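The values are calculated or read from the model by the stated rules, or taken from the named source; none is laboratory data. From a predicted model like this one, the values you see are computed outputs, not experimental measurements. With ligands, DNA and RNA removed, areas are computed over all heavy atoms of the protein, side chains included. Shrake-Rupley method; radii C 1.70, N 1.55, O 1.52, S 1.80 Å.
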Amino acid sequence: MFPEANKGFSYEDCKATADWLMAQTDVRPTVGIVCGSGLGGLADMLKDQVAFNYKDIPNFPQSTVHGHAGRLVFGTLRGRPCVCMQGRFHLYEGYPIQKITLPIRIFKLLGVETVMLTNAAGGLNQDFKVGDIMIIKDHLNMPGFSPSPGTFCVISLGTALVFILTKPSTCPSTSCPRRFGVRFPCMSDAYDRELQQLAMDVGQELGYGDFLKEGVYCVLGGPSFETIAECRMLHKLGADAVGMSTVHEVIIARHCGMKVFALSLITNQAVTDYDSEEKANHEEVLQTGKQRAEQLERLVSTMVTKIEHNNNYA
Ligand SMILES: O=P(O)(O)O[C@@H]1C[C@H](O)[C@@H](CO)O1
């Protein structure tokens, strides 16, 4: 069919990149972290760092967005081996969805058990304020109402023929995503409930109760910010915050069996009022990130210290 469509994203490609990375560092991470816009400071918290620029990693895309440094950092966070993406990829950067999510599959092959994702988002819930941290309990995958990322199989004509003639019990395509997980991954348990509770408990202990919220994150394609009508619609549909990332990564992480925790920093209020003078902009997003960085980093790093190997919580 489209033999080139999975070129560079197959199981073997991910494995080659994971093997390349493991040959360069002794760190064997069990927690993988993805930093959102302006939230890359989390990676700087890692001790005994071994860091790679994305451009030097085989098969990796490049970061093109201000506020996403483009480094993969290995190290320990309060003694726990971690790997951290200091910068992520977005659909609007023009990469195919398989490329955007490739690092998550590489996390899996590195031995990561728990993925912790952060993002910047616009607040739709009228009770939210700029600077609130929203623990994500669920998502609306707007771009994904057509096939979800990287869990569909695109096979070549040759492979399809082998499939038809020999009827193997598993797909013979080397790029088949079923080498990572099932064809129809469940998403009703996408966000690990114990990790959400842990975040709430840690947040309370740290005195963050006033700005710690929970809610539903909606992803759009971007990069234009939303119209007023769109924000009103999304809120009516059940979204508390809107952004341009994370959901694809969550689906891929769940597809290959990793636990997921995700949070949004509410960097701006989505505009829902025609009389409002507010205009969403990336500078405000980065500025709010700077203001709340310290607390967000402490929340995530304290959570990491409480996640034991094999996903138990201390
Ligand atoms: O990577 P995240 O989701 O944090 O980035 C958000 C969405 C856009 O890339 C950008 C808009 O300011 O921030």
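Using the alpha-carbon centroid of each, what span in Å lies between the range 187-263 and the range 29-89? So the two Cα centres are separated by 20 Å. Pairs of alpha carbons in the chain separated by more than 32 Å make up 25% of all such pairs. Atom-type composition of the exposed protein surface of the range 201-314 places 46 percent of the accessible area on carbon and sulfur (1.4 angstrom probe). With viscosity 1.306 mPa s and temperature 10 °C, the Kirkwood radius over alpha carbon pairs of the range 9-62 converts through Stokes-Einstein to a diffusion coefficient of 124 µm²/s.
With a threshold of 28 Å on the Cα-Cα distance, the over-threshold entries among Lys99/Lys279; Lys55/Lys129; Lys213/Lys279 are Lys99/Lys279; Lys55/Lys129.
Taking a straight line from the alpha carbon of Lys259, these aspartates and glutamates sit under 12 Å away, with near neighbours fewer than eight places off in the same chain left out: Glu113, Asp189, Asp192, Glu194, Glu249.
When each full DSSP H helix of the chain is screened for a Cα extent of at least 24 Å along its own axis and an average Kyte-Doolittle hydropathy of at least -1.0, the helices passing are 282-306.
By its C-alpha gyration tensor, with a ≥ b ≥ c as the square roots of the eigenvalues, how is the range 191-314 shaped: rounded for a/c under 1.5, else prolate for a/b larger than b/c, else oblate?
prolate
Beta bridges from DSSP with both residues in the chain: antiparallel share about 40 percent, rounded to the nearest 5. Treating each Cα of the range 1-100 as one equal point scatterer and applying the Debye formula with no solvent, the log10 of I(q)/I(0) at q = 0.15, 0.16, 0.24 Å⁻¹ comes out as -0.63, -0.71, -1.35. In a solvent-free Debye calculation with one equal scatterer on each Cα, what is log10 I(q)/I(0) for the range 179-251 at q = 0.14 Å⁻¹, listed in the order of the q values? Summing over Cα pairs of the range 179-251 leads to -0.65. Using only alpha carbon pairs under 8 Å that are at least six residues apart, calculate the relative contact order of the chain and give it in whole percent. Reported as a whole number, the value is 26 percent.
What order do Glu194, Glu308, Glu205 take when sorted by accessible area (1.4 Å probe), most exposed first?
On the way: Glu194 110, Glu308 75, Glu205 130 Å².
In descending accessible area the options line up as Glu205, Glu194, Glu308.
Sorted largest first, the principal axis extents computed over the alpha-carbon atoms of the range 224-273 equal 41, 20, 19 Å. At a probe radius of 1.4 angstrom, the accessible area of the range 189-314 per residue rounds to 44 square angstrom.
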